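The values are calculated or read from the model by the stated rules, or taken from the named source; none is laboratory data. Computed from a prediction, not measured in an experiment: that's the story for all the values here. In this analysis, Cβ positions are derived from the backbone assuming ideal geometry, glycine residues included, and neighbour counts consider all displayed protein chains. What goes into the accessible areas is simple: the full protein's heavy atoms, side chains included, and nothing from ligands, DNA or RNA. Shrake-Rupley method; radii C 1.70, N 1.55, O 1.52, S 1.80 Å.
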Amino acid sequence: MEQPVLLHHKSKYFWSRPSFNNYNPLPSGASNLGPLNPVLIKKITGKEEDFTQANKIKEDLNIPPEMVTASASGLDPHISPTAAFLQISRIAEARGMDKAEQDKLIDLVTDLTENRQFSFLGEPRINVFLLNLKIDSLNEQLR
């Protein structure tokens, strides 16, 4: 089976939300496709398949919505802790991490999880950009 082509994704990094505008901040915005639009459904289904295959996830597991849908601005840097934990095995394998190093990666995700603002606004989240910077420095420390 042919591997999916993911231009903005690398195996050794956490993936952020998909972007409608290829992560370009100038034309920030959403696709404006309605929830029943066949083009949107096809894009979401493809992204779900890519994420499931790349992270070796069982098909009966629900993929967090932020991993298959773009944000309204197309620039949201956050994902849920669940989305991050689903990617740990792929990242550890791509970086050649052993079990102890993988446990440090789990701790890093836990430590960088931001709680709800004022204890009730939003959901727990992780800034993917900061997380990827930290795993690069963690990887250097472990070597």
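Here are a few things to note about the model shown:
- Qualifying residue in the range 93-104 (condition: of a type outside the set (A, V, I, L, M, F, W, C) and at positive phi): yes
- Residue match in the range 10-21 (condition: at pLDDT below 75 and either closer than 17 Å to Asn127 by Cβ or open to solvent by 40 Å² or more (accessible area, probe 1.4 Å) (or both)): yes
- From the list Arg90, Arg95, the one residue that fits, being over 12 Å from the mean Cα position of the chain (by Cα), of a type outside the set (Asp, Glu) and surrounded by 15 or more Cβ atoms within 10 Å (Cβ to Cβ), is Arg95.
- Evaluating Ser80 against the criteria (1) among the hydroxyl-bearing types (Ser, Thr, Tyr); (2) modelled with pLDDT of 90 or more; (3) more than 12 Å from the chain's Cα centre (by Cα) leaves one unmet condition, (3).
- Index of the failed condition, Glu93 passing every other in (1) in contact with a Pro (Cβ under 9 Å, 6 or more places away or on another chain); (2) at pLDDT below 95: (1)
- Candidates in the range 36-63 are the residues that are in a loop (DSSP other than H, G, I, E, B) and of a type in the set (Asp, Glu); of these, the one that is surrounded by the fewest Cβ atoms within 10 Å (Cβ to Cβ) is Asp60.
- Filter pass, Glu66 being loosely packed, with under 12 Cβ neighbours inside 10 Å, of a type outside the set (Val, Ile, Thr) and either at pLDDT below 80 or closer than 15 Å to Leu131 by Cβ (or both): no
- Residue check, Thr69 more than 12 Å from Trp15 (Cα to Cα) and assigned to a helix (DSSP H, G or I): no
- Residue selected from the range 115-129 under the condition without any contact (Cβ under 8 Å) to a residue 24 or more places away in the chain and open to solvent by 60 Å² or more (accessible area, probe 1.4 Å), by the criterion farthest from Phe85 (Cα to Cα): Phe118
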